[in-house]
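Taking it in order: structure first as structure tokens, then the write-up.
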Amino acid sequence: MVLTGTVLLNECQKRLILLWSYRFNFMLETFMIGFLFVGISFFVSGGRPEPEQMAPALLGYLTWFFAVFAISDMSHGIREETQTGTLEQMYMSPLPSGLLLAGRSVASIFISSGMVILIGGILMLLLGIRIPVRPAGVPVFALTLAGLYGFAFFLGGATLVFKQVNALSNLLTNMLLFLNGSFLTVERMPGWMEAFARSLPSTQGIDVLRRVVLDDMSLASVWQDGSLVWLTVHTGVFLFAGWGVFLWGERVARKRGLLGQY
Amino acid sequence: MKAAIKIESLSKTFRSRGGNEVEAVSRLDLTVESGQVFGFLGSNGAGKTTTLKMACGLVMPTTGTVRLNGYDVGRQRGQAMRQIGAVLEGTRNVYWRMNAWQNLLYFGRIKGVSSSKLLKARAERLLRELDLWERRKDPVGEYSRGMQQKVAIAAALIADPPIVLLDEPTLGLDVQASRTVQEWVVQLAKERGKTVVLTTHQLDMAENLCDRVAIMSRGQLLAHRPTGELLDLFRREFYKLRLRGAVAAEKAGAFPGFTASQENGHTVLSGEVGDDLSVFELVERARLADMDLISVTPAEPNLEEIFVELIERAEEAVGQDGSLERGAGHRSDGVKSRG
């Protein structure tokens, strides 16, 4: 327990230091992300966005931001650390790599939560959007994040082996933005696209999150209508499959000597 | 003496995208004793770094085992990793956006140092010893190359491992920084009893620092001996004949395989004396050629000459048989001989 705490604090501290060293970029990115939301909202609403209509979009958009962070961490982050040799140093740790990776992921969630609160707060303040804080949203949100990180582990494993997954991770990040139901309702999509959109991580999570947080539905009711069940199964599949792919990538990288090669 | 590193039947075969197999390390057996400075020498692609990375658990061997202070890297990974700290070549090894202090604390924690007090004390001691204390709060990216390398070495030592692996530790450093690193390597082994394994292309450095050297070529060990013994071994085989004045080319031809040079108005013929040519025959040949012989002395070979000689032998053997293994037989003295 103490070890896990130390690893977690260590990773959080490192992430904050690195974030601070890129503070100018970070500020611009925050502005860009806020601006992007406003721009898309105006476009989607035909130039007349209403705060009530924007609340579900913002909830989805902020969830998408976690996906951006997770994917960036696991693909760009790992690739960069492969190049700098710090990934090899991590693998020379006597601690299990799974623990270190989990520590990194939790640190990443903490940091991105801080950013989401900042960006979300500014947008809510400026645009008059109201998203209530409901405890029932916490487990749904946790499940959604777990699924997203499972997806990110999948990309992390692929990065360890193939290195050049930039284009793929960018494509997936953008695909998630437009297909996770943040701006375009999934139900209005053609059948095949809806099926595809629902298979992506975060789509189901955002859907259930809206019902619980914005429509004030109880956990029992979303469980009964099957949406929370589907989210749990979906998350489980992504998490275990993603973790499996990451372990596979790790093994292949060790076999081919790719941990420190680019 | 206790074995700090024990490598048994270690092989690594990489498969290229075209499906070709490249044997980077071939059935390597090696023991490095505790407290030694051990030099791994070889040309690019000889298999040194792959061997080192297998010892660090970063590359999975095709066959064989590596034990660090008795712990199997493959099966007792956690304990084995507590035995080593490594600085690998060609990469930064530490975060350049973080300062030296932050790097040492970060790597100390992921290397399992749980006591914050102990970690900070070690970090301070290392930074002071390496003259980095005053600049500990500057990002590593702003340091000189030598200082960056010092931080990487300090990060490798932060958990106080008994074995330190340094892959080309002085590559790209200026003379002063290189000297500091070398002095530190000696100090680590002699004063703190650490086992230091280093790979290098700087043979003069290996000659000065290493208690023992291993020379690798094409994944195989060509020689593995204490540095002094290796030099002695070759010292016996090489001789220098000092002759008064200039010697005509046709007369020098009486000594095939010898190289001629001029030193202070004298001609110096240097070459190998082996089974087919004794020192007495050399003297006799000089007398018959009517040469004015001043002296015959064993040449003082340096590690570079030995290295070149061994590599040439290995290349020759491959050229003749297509296989280094078949071509270079193992001499009883730990040096692979001509086939």
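Throughout, read-outs are computed from the coordinates displayed, never taken from laboratory work. The shown structure was predicted, so the numbers you read here are calculated from the model rather than taken from an experiment. Cβ coordinates were reconstructed from backbone atoms using ideal geometry, including for glycine residues, and neighbour counts include every protein chain displayed.
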Of (1) away from chain B (no Cβ under 14 Å); (2) in contact with a helix residue (DSSP H, G or I) (Cβ under 9 Å, 6 or more places away or on another chain), A:Phe43 satisfies all except one. Which?
-> (2)
The correct count of residues that are under 23 Å from B:Leu68 (Cα atoms) and assigned to a loop (DSSP other than H, G, I, E, B) in region B:1-28 is 2
Expected output for region B:1-20 (first residue more than 27 Å from B:Met81 (Cβ to Cβ), partner of a type in the set (Lys, Arg) and assigned to a strand (DSSP E or B), Cβ below 8 Å, 6+ apart or cross-chain) is none
Here the residues within region B:33-56 that are surrounded by fewer than 24 Cβ atoms within 10 Å (Cβ to Cβ) and over 17 Å from B:Gly90 (Cα atoms) are B:Glu33, B:Ser34, B:Gly35, B:Gln36
Output the number of residues of region B:263-293 satisfying the condition of being touching a strand residue (DSSP E or B) at 6+ places or on another chain (Cβ under 8 Å) and among the hydroxyl-bearing types (Ser, Thr, Tyr).
-> 2
Only strands (runs of 3 or more DSSP E) wholly contained in region B:29-129 count here; list those with 2 or more residues that are facing another protein chain (nearest Cβ under 9 Å) and within 22 Å of the chain's Cα centre (by Cα).
-> B:84-87
